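This report concerns only the one structure given below.
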Amino acid sequence: MDVTHAFQAFGENALYRSKTKKAACILGFLLGPFGAMYFYLGYKLMGWIECIATVLVTAITGLLLFFLVSQTWLMFLVGVGLAYLINSIFMIFFVFSLSVKDANGELLR
């Protein structure tokens with residue numbers, strides 16, 4: 001008799017599907033400055049910190065270049081590029097790290 005269909009697990013008893021390192025890397029490289037990788041792994045606070053850091057880096061760099069170099073809004077794109085560069089450096093370390101866990105303590109597949 002198969003009872004798996006009759007039993008619905010909720011909360012802590014629910015089945016947990018582990019996250020993949022490949023998906024985390026893709027999210028990190030594409031949307032990394034916005035904290036997408038951290039939100040995917042369940043680290044919501046780190047995701048918000050990364051979003052705020054990206055906004056601050058973009059704003060400060062853009063404002064400095066706007067007033068010091070050229071008064072065009074394109075200077076803010078340099079700040080976005082800087083945020084992506086910083087994120088790419090962190091992603092290289094993430095790709096080569098051996099034991100990465102999500103917020104539930106599970107190793108990534």
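Compactness ratio of the chain: Cα Rg over 2.2 N^0.38 Å, N = residue count?
Ratio of Rg to 2.2 N^0.38 Å for the chain: 1.48.
Which of Met46, Met91 has the fewest other C-beta atoms within 10 Å, and how do the rest follow up to the most?
Met46, Met91
Compute the relative contact order of the stretch 19-96 as a whole-number percentage, counting only Cα pairs closer than 8 Å that sit 6 or more residues apart in sequence.
Once divided by the residue count of the stretch 19-96, the mean separation gives 29 percent.
Helix-derived [θ] at 222 nm for the chain: sum -39500 (n - 2.57) over DSSP H runs of at least 4, divide by residue count, nearest 500?
My calculation for the chain gives -19500 deg cm²/dmol from helical runs alone.
With labels modelled as points extended 7 Å from the Cα through the Cβ direction, what inter-label distance (nm, one decimal) is found for Val69 paired with Val100?
Here the answer is 3.1 nm between the modelled labels.
For each of Tyr38, Tyr84, count neighbouring Cβ atoms within 10 Å of the residue's Cβ, then give the residues from fewest to most.
Ranked by crowding around the Cβ, least crowded first: Tyr84, Tyr38.
How big is the charge dipole of the chain about its Cα centre, in debye rounded to the nearest 20, if each Lys and Arg gets +1 on its Cβ and each Asp and Glu gets -1 on its Cβ?
That gives a dipole near 180 debye.
To test your reading of the geometry: what angle, between 0 and 90 degrees and rounded to tens, separates the Cα axis of helix 75-96 from the longest principal axis of the chain?
Taking the Cα atoms of the chain, the angle to 75-96 is about 40 degrees.
Just so you know, all these numbers are worked out from the coordinates, no wet-lab data involved. The structure displayed is predicted, hence computed values, not measured ones. Please note: Cβ atoms are built from the backbone with ideal geometry, for glycine as well, and neighbour counts cover all protein chains shown.
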